[in-house]
Amino acid sequence: MRSILIASAAALALLATAPAALAQSPKQGGAAVVTFNNDLTTLDPQVGYDWQNWSVIKSIFDGLMDYKPGTTELEPDLAESYTVSDDGLTYTFKLRDGIKFHNGRPMTPADVKYSLERAVDPKTQSPGGGYFSAIEGYDALAGGKASELTGIRIVDDKTISFTLTRPDATFLHLMAINFAYVVPKEEVEKAGADWGKKPVGTGAFKFVEWVPGQRIALERNKDYFRQGVPYLDKLTFEFGQDPTVAVLRLKNGEIDIVGDGIPPAQFAEIMADPANKDLVAIGDQLQTGYVTMNVTQPPFDNLKVRQAVNMAINKDRIVRLINNRAVPAVQALPPAMPGYNTDNKGYAYDPDGAKKLLAEAGQPDGFTTELYAMNVDPNPRIAQAIQQDLAAIGVKAEIRSLAQAEVIAAGGSGKAPMIWSGGMAWIADFPDPANFYYGILGCAGAVEGGWNWSKYCNKELDARAQNADGMVKADEGEKRIGEWKGVFDEVLKDAPWAPVFNEKRFTYHSARLGGDSSLFTDPIHIPVNYDYIFAKDAQ
Amino acid sequence: MIAYLARRLSASALILIGVTIVTFCLTFIIPADPVAMIAGRNSTPEMREQIRIQLGLDRPLVEQYAHYVQRLAQGDFGISYARKSPVGDLILSRLPATLLLMLGAIIAELLIGIPAGLYAAARRGQTGDKVAMTLSFLTVSTPQFVLGLSLLYFFAYRLGWFPLSGYGSLSHLILPAVTLGLAGGGWYSRMMRSSMIEILRQDYIRTARAKGMSEKRVMFVHALRNAILPVIAMIGLDVGIFMSGVVVVENVFGWPGIGQLMWQAIQSLDIPIIMGVTTVAALFIVAGNLIADLIAPLIDPRIRLR
């Protein structure tokens, strides 16, 4: 009797743990289908810069550095190891053995040099070439006067070194960004204008075909230098799929991931359905939605007015308006970003205090202004909520709901007094506070056509930022982040922006796809890290 | 006849030129800068200037237009800003899908409109007639986006009779063709009805009935043959209506035609594609109208060639 009891207890215990064990260990094989509404524009790593092709390119190509999957932690990728000189001006990377391009040829340091030069060369029209301005020889190549980056030196057949003209603490992040991904020169030249349609890289997935407007097919790279990944044998992207229809197809079992995210109109319904509990991965993004105020246009040139706007906006209400797809933001940096100050609670919602500040600023009866916003839902609704909040303190804001390109143009030209950034800005290109400053808050971005729509230019803060980026020694990391914290605290005090919320990412996927939820909401491999997800029904 | 043809052709050519000028000017009046879109967020003013020069956007408008027309005459529609591939190839690869969809829509609207019109005419004044005309009113007023999604939801998702979006077989074609053509079907049913009523009043119909011919023969052999002529003459104009409809319908159904291409290009302000698709669409519309104008006098000799 006792032995039967023990045996059955043991059997029950085994049964209880077995499914958990089966569910967790990734299996090799299987296929996944991801849908997008728009066709991908290109798979050229030096050119592709939208959130759709970003992670597809990351699966076909690699760079010297990458991030641990699902995290913002740097780790060497194509490089096996690296050293930094004491003055922070020279980075030396030792490449791994056995890395091959998809066409079979082994990768060499010359390929790394070629790829970086391609990013900077104006002929490539790369939107990201400007990131590498610290490399020696950048000005000559970008200006069209030279044909190579003199700062990149091939030391031997496994080692490559980069010499910078100034210390740049973001350099390792720059080696992990798509624009620095390694491409084979002979394939680029052979394909010519078609290179973006026929990519050949070193990554986990090999390119198979691209039927324009219909689909892209990738297959597993069996010679990938990382053992065991990717888990999927085939990965297909289908285009021209309206997200509403894609959701129906997912429910039908025809596709695996709705690449564009859950359509806002169906968000509440999908989240409320208990069957979807494990199928929607939720993660943080390196994103902030904010209202910019043009500090060169009165009355926004008055600090008290800007602070009043910050205190007038009811962020909780706006977050509820979008079905809690975000969390209220109290500062410019998103919580997932290093440099986020957990002690800084920003401006509390205080319409009476805001009215008082306005009176102090010489605007006791309020004023009239314009609020620009992108015309795709939910941004007009959010703009309306902001309009109502401003009306409550006496500020009459007329809404200008326009196409994305038009709002961006109005911001770049300095024409718009207030802009709601939703749908347009700002998601970090890499997880470092520097990426959230120079382009959108620094003096360099406050020019005609720049992305600093508030035209905020604080030379002192710029100097502090540059100083912080000069702290490149390994033990100065914390000090540097502390400096950046200080910079952003000052920005919050000066209030060129009113931060409103930080969006979360929601990825709706089929039950047969497995993997940690952080892989489906990877902050770097946006939206999904295809290298590490697996099919539970693989044979 | 030749003079008529020549006049119509020259009018068509003028229309096409006008379309290219208007589209060209429109895209430059929009206060958005394509260079900023291409150059991206981290571009410096110097880089943007380089790109502007490379794309020839720093030249005066008239010069840019002249270059554009010159290349157009050689069949070169330029290079897409975002995709860096030739616009002509993009359009050419997607055109067959759109033409197939339009053909399907024409068949759908005829299959829906003609029987409905016949039915309404035969039951003129009765409930059947009133129901048919109300339905035709509804089909013309329903937005195609709503119609398409509703059809998808009920017939593809719920009933599973058709695939949910895609391209490649007859079952993929039916729902989008019906969505695109349904409004036309409503239109044609009314036209068919009034045409039939007009004809059934004619003396020769009365004669046929007096001779003892069955009502069926009267309707389908004599009346229909004449009533259908105005409908046939109008089909050429459908090309124009469908060219605007495909932008929405192709997007809803994931149909890889030039309408979907236009939609995506508008969102990213990809001017070469916008201009290319507009020009090609205008070409087909003008051709369709031309054919309609040529067929009409052939079908009904009472129409004088002017």
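With a cut-off of 9 Å between beta carbons, the residues surrounding A:Thr170 carry a summed charge of -3, where Lys and Arg count +1 and Asp and Glu -1.
The C-alpha atoms of chain B define a longest principal axis, and helix B:127-141 lies at about 10 degrees to it. Each Lys or Arg adds one and each Asp or Glu takes one away; over the other residues whose Cβ falls under 11 Å from the Cβ of A:Asn502, this sums to +2. All other residues whose Cβ lies under 11 angstrom from that of A:Ile57 are scored, Lys and Arg at +1 and Asp and Glu at -1, for a net of -2. Beta-bridge orientation, the protein assembly as shown: approximately 75 percent antiparallel, per DSSP, counting only bridges with both partners inside. Counting Cβ atoms of other protein chains within 10 Å of each Cβ in A:188-198 and taking the mean gives 1.
Given axes a ≥ b ≥ c from the Cα gyration tensor, I'd like to know whether segment B:75-123 is rounded (a/c under 1.5), prolate (a/b larger than b/c) or oblate. In terms of gyration-tensor shape, prolate.
Averaging the Cα positions of each part gives two centres, and for segment A:426-441 and segment A:99-136 these lie 22 Å apart.
What FRET efficiency would be calculated for the residue pair A:Lys27, B:Tyr157, taking the C-beta separation as r and a Förster radius of 45 Å, to the nearest 0.05? Calculated transfer efficiency: 0.90. Cα centroid separation, segment B:253-306 to segment B:205-229: 37 Å. Here's how it looks for A:Arg400: its modeled amide H is under 5 Å from those of A:Leu371, A:Tyr372, A:Ala373, which are all 5 or more places away or on a different chain. Net charge dipole, the protein assembly as shown: roughly 3900 debye, given to the nearest 20, about the Cα centre with Cβ charges of +1 for Lys and Arg and -1 for Asp and Glu.
If R0 is taken as 45 Å, the Cβ-Cβ distance between B:Arg209 and B:Thr142 corresponds to a FRET efficiency of 0.70. Taking a straight Cα-Cα cut-off under 26 Å and skipping sequence neighbours fewer than 8 places away in the same chain, the lysines within cross-link reach of A:Lys493 are A:Lys304, A:Lys315, A:Lys345, A:Lys355, A:Lys356, A:Lys396, A:Lys415, A:Lys455, A:Lys459, A:Lys479, A:Lys485, A:Lys504. Taking every residue in A:121-131 and counting other chain Cβ atoms within 10 Å of its Cβ, the average works out to 5.
Decide, for segment B:87-299, between rounded, prolate and oblate: order the square roots of the alpha carbon gyration tensor eigenvalues as a ≥ b ≥ c, take rounded if a/c falls under 1.5, and otherwise choose prolate if a/b is larger than b/c, else oblate. Prolate shape, in that a/c is at least 1.5 and a/b is the bigger ratio.
For peptide A:446-453, compute the average count of partner chain beta-carbon atoms within 10 Å of each residue's beta-carbon. Could you put the intermediate results ahead of the total?
Values: counts 0, 2, 2, 9, 7, 5, 0, 0.
Per residue, the average neighbour count from other chains is 3.
Assuming charge only on the beta carbon of Lys and Arg (+1) and of Asp and Glu (-1), the dipole of segment A:33-186 about its Cα centre is about 240 debye to the nearest 20.
About the centre of its Cα atoms, segment B:87-299 shows a dipole size close to 1120 debye [charges on the beta carbon of Lys, Arg (+1) and Asp, Glu (-1) only; nearest 20 debye]. Measuring between their Cα centroids, segment B:57-89 and segment A:464-497 lie 46 Å from each other.
By the combined test of axial Cα extent (at least 27 Å) and Kyte-Doolittle hydropathy (mean at least -1.0), the qualifying DSSP H helices of chain A come to A:2-24. Below 8 Å between Cα atoms, with a sequence gap of 6+, how large is the relative contact order for chain A in percent? Contact order relative to length: 22 percent. Rounded, prolate or oblate: which fits chain A when a ≥ b ≥ c are the square roots of the eigenvalues of the alpha-carbon gyration tensor, with rounded for a/c under 1.5 and prolate only if a/b beats b/c? Taking the square roots of the gyration eigenvalues as a ≥ b ≥ c, chain A is oblate.
What relative contact order, as a whole-number percentage, does segment B:87-299 give when Cα pairs under 8 Å and 6 or more residues apart are counted? All intermediate terms of the calculation are to be shown ahead of the outcome.
Values: 263 pairs, mean separation 60.4, N = 213.
Once normalised by length, the contact order is 28 percent.
No value in this document is a laboratory result; all are computed from the given coordinates. Computed from a prediction, not measured in an experiment: that's the story for all the values here. Glycine also receives a Cβ, built like all others from the backbone with ideal geometry; neighbour counts cover every protein chain displayed.
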